[in-house]
Amino acid sequence: MTEHHQENVAVAANSLFKNYGSVEALKDVSLSINDNEFFTLLGPSGCGKTTLLRIIAGFEAITAGTLFLHGKNIADLPANKRPVNTVFQNYSLFPHMSVADNVGFGLEMQGKDKNQIKQRTHEMLELVQLGEYADRKPGQLSGGQQQRVALARALAPQPEVLLLDEPLSALDLKLRKAMRLELKQIQENAGITFIFVTHDQEEALTMSDRIAVMSQGELQQLGTATQIYQEPRNRFVADFIGESNLIPTTVLSSDIHTMRCKLTDSISIAIPGKESVSEGDQGELCIRPERIRLSNADESANLEGVVDGIVYLGTDTQLLFKLDDQQTLSVRTQNADNDGPVVEVGQRVGLHIDESSCRFLPES
Amino acid sequence: MKTKALDQIKRYPGFFPMAVLCLFLLYTPLVIVMIYSFNDSPSITLWGGFSLRWYEDVFFGLEAAKLRKAAWNSVSIAAMAAICATTIATAAAVGMVRSGAWRGKTASFALLNLPIMVPEIVTAVATLIFFSMIGFKAGYATILIAHVVFCIPFAYLPIAARLEGIDSNYEQAALDLYATRWQAFKRVLLPLLAPGIISGFLLAFIISLDDFIITNFVKGAGVETLPTAIYGAIRQGIKPNIMAISTLMLLVSILFVTVSYFVGRNGEKKHEG
Ligand SMILES: Nc1ncnc2c1ncn2[C@@H]1O[C@H](COP(=O)(O)OP(=O)(O)O)[C@@H](O)[C@H]1O
Ligand SMILES: [Mg+2]
């Protein structure tokens with residue numbers, strides 16, 4: 001299998017299956033993660049993210065499939081022989097050891113000499129800005145500081161791949177947002193492959209080079225943030241990543257460039273074409289709420305709707321429209337530039353859908 | 001929540017007199033023994049003034065040598081039995097608690113703890129029969145072996161309880177950071193488990209120290225522990241020096257229980273903190 005290895009691939013998983021008794025935690029997951037990539041596993045709770053991470057770390061055996069690390073088959077390598085470190089969800093810092101001893105633990109186990117351990121520990125604590133906390137016990141630190149210690153501890157032995165299991169989930173929102181940028185920066189500076197697990201799509205979109213969206217043990221889509229947001233492959237991805245209007249539709253006509261899809265009984269829209277879709281196919285239209293504008297009658301409004309609800313969200317306002325066939329449509333307008341038509345509930349308004357951004361999701 | 005529940009119990013009618021009655025029944029005999037151990041009179045019922053003569057008798061009297069020998073047997077057996085039982089119990093606890101699910105785990109758990117439930121006299125008879133079947137000569141060694149065995153479940157309980165409270169992620173974190181299984185145990189699990197192990201050790205020590213029934217069956221002639229020596233002495237009539245010995249043993253027990261309590265509490269605090 002080694003001959004298939006590509007230079008820049010850090011982790012390659014092929015057809016991974018993992019069963020816990022009758023529970024299928026992973027079903028036929030194949031993915032390859034590049035060197036120096038910030039790779040995110042994204043999906044709702046229970047979809048198998050932690051399981052996949054624990055398999056890569058070596059804490060769980062594979063039921064079927066293969067797993068390569070830099071071209072080397074590691075399926076049978078025990079956790080303590082894999083050049084991979086983990087930042088655990090609850091950090092799991094050793095409570096009886098000082099911060100410095102925690103950070104130095106991996107190096108010590110690798111048999112590095114004392115001076116080297118001391119120097120590297122110091123370096124790592126400086127990196128996460130905890131230099132003066134070296135002698136404290138983890139219990140004396142705040143959640144955010146513990147999180148940094150866990151990161152320093154996992155980075156200290158310079159692993160080939162760093163695994164992070166929802167490392168920010170225990171922090172409050174402000175700290176979480178700050179840590180996102182910091183993590184990303186640390187990853188870029190360290191030049192280490194990060195595999196990051198989260199159920200928070202915003203977190204995934206802001207930090208990742210590439211994202212693997214998972215659901216019920218299966219890989220749903222793999223791509224950059226823009227790709228999975230703009231080109232969702234199926235209903236699950238469209239629904240899970242960001243907001244979307246998912247409207248049942250039928251394909252009225254289709255060629256390589258455009259296809260025409262039914263929107264309401266009387267209105268259809270022309271959206272970018274897709275291979276292997278033909279006339280009469282059933283499915284759903286994915287229309288992002290921010291791709292719909294309020295439009296005056298003189299402009300090219302595609303359709304009209306009656307305002308059914310207005311939700312003020314600070315930067316945005318969400319407007320809910322009822323279409324002629326009682327279909328609801330959610331629209332987001334930015335509050336920075338809404339000197340346009342200000343609407344009221346019950347008002348009939350012209351709407352313009354950016355057709356080129358709409359996607360057809362075939363029935364699975 | 002806890003204090004509130006206690007408040008509510010306190011408000012039940014009759015709670016206070018009931019509590020006093022229970023404490024009275026539990027502690028009056030002990031208190032009487034302690035008081036009469038300082039009695040100057042050779043009678044065990046008539047008070048003849050305060051004196052330490054029975055303590056003197058215990059340490060320097062006619063039976064002092066015999067008692068000292070018995071005390072030494074008791075303490076040395078308790079120490080060795082507790083060490084062996086704690087070591088075995090620690091291994092058993094790690095095996096049981098950290099092995100995930102396997103067939104017969106519940107049965108093994110029951111098997112491990114059954115000796116606590118089995119009437120001691122049954123264990124005693126069984127142990128005696130076992131030793132005579134394999135042709136072991138009754139004596140110091142048979143007492144020690146019997147004590148190691150029956151102390152295991154007592155040492156096991158606090159260790160397993162503590163272990164169940166320790167997240168297995170700690171050991172996995174150690175493995176993740178290149179520790180071998182042994183290093184993960186020694187550097188991470190053992191320090192976290194220490195309060196449980198110490199509690200288990202102290203409990204096993206006390207259980208061994210005051211065991212009478214099994215010891216009496218397997219000890220053979222000539223070897224005595226404190227409880228069997230006291231029993232032997234009582235059969236020739238109760239002398240107040242027995243009360244002095246009893247008081248001393250009680251103090252040792254209280255000391256151990258107190259240490260065990262503080263070790264457990266301290267460990268918990270550390271663990272949380
Ligand atoms: N040790 C285990 N034993 C049995 N089932 C498990 C175990 N670990 C995980 N599972 C199951 O596998 C599925 C995936 O779990 P997990 O990987 O933890 O999901 P996530 O991290 O995405 O929330 C869940 O249905 C979970 O209940
Ligand atoms: Mg998880």
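The values are calculated or read from the model by the stated rules, or taken from the named source; none is laboratory data. It should be emphasised that the depicted structure is a prediction, and the values quoted were computed from it without experimental measurement. For neighbour counting, all protein chains shown are included, and Cβ atoms are generated from backbone atoms with ideal geometry for every residue, glycine included. To get the accessible areas, we keep the full protein, side chains included, count just its heavy atoms, and leave off ligands, DNA and RNA. Shrake-Rupley method; radii C 1.70, N 1.55, O 1.52, S 1.80 Å.
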Taking the stretch B:5-63 and keeping residues among the aliphatic types (A, V, I, L, M), in a loop (DSSP other than H, G, I, E, B) and touching a residue at least 40 places away in the same chain (Cβ under 8 Å) leaves B:Ile44
Checklist (1) surrounded by fewer than 23 Cβ atoms within 10 Å (Cβ to Cβ); (2) without any contact (Cβ under 8 Å) to a residue 24 or more places away in the chain; (3) of a type in the set (A, V, I, L, M, F, W, C); (4) closer than 30 Å to A:Lys112 by Cβ applied to B:Leu177, failing item: (1)
Say we look at the stretch B:64-107 and pick out the residues that are in a loop (DSSP other than H, G, I, E, B) and of a type in the set (D, E, K, R); which of these is least open to solvent (accessible area, probe 1.4 Å)? B:Arg98
Go through the residues of the stretch A:127-147 one by one and say whether even a single one is away from ligand 1 (no atom under 16 Å from the Cβ) and within 22 Å of the chain's Cα centre (by Cα). yes
Restricting to strands (runs of 3 or more DSSP E) lying wholly in the stretch A:1-114: which have 2 or more residues that are within 14 Å of another protein chain (Cβ to nearest Cβ) and either surrounded by fewer than 20 Cβ atoms within 10 Å (Cβ to Cβ) or at negative phi (or both)? A:84-87
So B:Lys137 clears everything in (1) touching a residue at least 24 places away in the same chain (Cβ under 8 Å); (2) surrounded by fewer than 13 Cβ atoms within 10 Å (Cβ to Cβ); (3) under 22 Å from B:Pro195 (Cα atoms) except one condition, right? Which one? (3)
Would you say B:Ile166 is touching a residue at least 24 places away in the same chain (Cβ under 8 Å) and either touching a strand residue (DSSP E or B) at 6+ places or on another chain (Cβ under 8 Å) or within 14 Å of chain A (Cβ to nearest Cβ) (or both)? yes
Just the residues that are under 23 Å from A:Pro78 (Cβ atoms), more than 8 Å from chain A (Cβ to nearest Cβ) and surrounded by 17 or more Cβ atoms within 10 Å (Cβ to Cβ), please, taken from the stretch B:188-197. B:Leu189, B:Leu193
Please report, ordered by residue number, the strands (runs of 3 or more DSSP E) entirely within the stretch A:165-226 with at least 1 residues that are within 14 Å of another protein chain (Cβ to nearest Cβ) and within 16 Å of ligand 2 (Cβ to nearest atom). A:193-198
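Condition check ((1) modelled with pLDDT of 95 or more; (2) polar (S, T, N, Q)) across all residues:
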{"residue": "A:Asp76", "(1), (2)": "no, no"}
{"residue": "A:Thr86", "(1), (2)": "yes, yes"}
{"residue": "A:Gln89", "(1), (2)": "no, yes"}
{"residue": "A:Gln119", "(1), (2)": "yes, yes"}
